[in-house]
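Report on one structure; see the data block that follows.
The values are calculated or read from the model by the stated rules, or taken from the named source; none is laboratory data. Please read these numbers as outputs of a predicted model, since none were measured by experiment. Note: ideal-geometry Cβ built from the backbone for every residue, glycine included; neighbour counts use all protein chains shown. With ligands, DNA and RNA removed, areas are computed over all heavy atoms of the protein, side chains included. Shrake-Rupley method; radii C 1.70, N 1.55, O 1.52, S 1.80 Å.
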Amino acid sequence: MKNIAAVLALSLFSLPLLADSESDNNTVTATEVLIAESEPGVGQFTTRLLLSKDFLRLDDGRDDGDYTLFERASGEIHSFNHEDKTELVMKRLAVDDIDFKIDFKVDQSAMKEAPKVG
């Protein structure tokens, strides 16, 4: 079970959308939350949340590390692994309403051979 040790920082800042961008039109305001966590046998580690109007990013505080990205508009979750150079995309399921009926009944019967439970 995780034990949250302390919230380290909560700040507003601008994130560049494009690494080489020099224009202020390509920035977005976001909130950064840094949390120091600890678990028995693991020690302390950092979890970072970057929250904006369109996205939520969860990572270990490193910009070049693995991270999970939630895209609010589509509801998609992207998990990026830099070492494997992979991206796992989890999409919202489009499910129609299911019309079905359940015939539900309960039967009880005593088991004469069952052992007694204290």
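Worth a mention:
- Condition met for H82 (open to solvent by less than 40 Å² (accessible area, probe 1.4 Å), free of Cβ contacts under 8 Å to residues at least 24 places away in the same chain and either in contact with a helix residue (DSSP H, G or I) (Cβ under 8 Å, 6 or more places away or on another chain) or not β-branched (V, I, T) (or both)): no
- From K112, K116, K91, residue being open to solvent by 100 Å² or more (accessible area, probe 1.4 Å), among the basic types (K, R) and touching a residue at least 12 places away in the same chain (Cβ under 8 Å): K91
- Residue ID - modelled with the highest pLDDT, chosen from residues in region 1-56 that are part of a loop (DSSP other than H, G, I, E, B) and among the aliphatic types (A, V, I, L, M): V42
- Pairs meeting the criteria (first residue in region 39-56 and of a type outside the set (D, E, K, R), second residue in a loop (DSSP other than H, G, I, E, B) and open to solvent by 60 Å² or more (accessible area, probe 1.4 Å), beta carbons under 8 Å, at least 6 apart or on different chains) are F45/D60; T46/D60; T47/D60; F55/R72; L56/R72.
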